[in-house]
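Some notes on the structure that comes next.
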Amino acid sequence: MKKMILCFSVVASIVFISSCAKEKSASSYTDNVTCNETDDTANVYSGKIATLLSTNCAGSGCHNSLSNEAGRNFSNYASAKSGFDATALCTIYQDGGCDPMPRGASKLSADKIHDLTCWVKNDYPQ
């Protein structure tokens with residue numbers, strides 16, 4: 001009985017410790033990015049961002065209102081603002097720990113990743 005309790009305790013401890021891996025926050029991506037005045041005016045949802053998300057995320061049939069893959073819909077401002085978080089940044093940076101996006105396509109260009117990062121850093125301007 002003591003061995004079973006000890007085994008259970010060890011397994012439970014391993015599961016608990018592995019589930020406590022620190023997830024990156026959005027600031028871990030945005031802190032190292034400089035957004036200049038051009039970024040501030042061009043990186044609004046109604047400017048570059050809607051087109052970028054539509055072309056690479058929502059338009060591909062993955063993150064739109066119909067498919068809503070992984071609970072993310074990037075086809076309108078409200079849902080894009082609420083769904084484009086640290087995990088979304090992790091996926092486009094493709095730095096490990098997240099499924100690389102866009103799925104089945106090349107990594108976004110550095111300029112596009114920069115634009116999305118500045119949009120997040122500037123608090124998702126519409």
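Here are the numbers for this structure:
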{"quantity": "For the stretch 79-126: rounded, prolate or oblate by the Cα gyration tensor [a/c cutoff 1.5]", "calculated": "prolate"}
{"quantity": "J(HN,Hα) series, the stretch 107-113, from Karplus relation 6.51 cos²θ - 1.76 cosθ + 1.60, nearest Hz, glycine and proline x", "calculated": "4, 4, 5, 4, 5, 5, 5"}
{"quantity": "Average accessible area per residue (Å²) across the stretch 61-117 - probe 1.4 Å, nucleic acids and ligands excluded", "calculated": "52 Å²"}
{"quantity": "Cβ-defined net charge surrounding residue 70, 14 Å radius [Lys, Arg +1; Asp, Glu -1]", "calculated": "-1"}
{"quantity": "Spin-label proximity, residue 46 to the stretch 61-96 - amide N less than 19 Å from point 7 Å beyond Cα toward beta carbon", "calculated": "75-82"}
{"quantity": "Paramagnetic reach from residue 76 in the stretch 44-65 [backbone N under 11 Å; point 7 Å along Cα→Cβ]", "calculated": "65"}
{"quantity": "Net length gained if the chain between residue 34 and residue 65 were fully extended (0.36 nm per residue, minus Cα distance)", "calculated": "8.0 nm"}
{"quantity": "Largest to smallest accessible area among 62, 57 [probe 1.4 Å]", "calculated": "62, 57"}
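The values are calculated or read from the model by the stated rules, or taken from the named source; none is laboratory data. This structure is a prediction, so every number in the text was calculated from the model and none was measured. All Cβ positions, glycine included, derive from the backbone under ideal geometry; neighbour counts span all protein chains shown. Side chains are part of the model used for accessible areas, which takes the heavy atoms of the whole protein and leaves out ligands, DNA and RNA. Shrake-Rupley method; radii C 1.70, N 1.55, O 1.52, S 1.80 Å.
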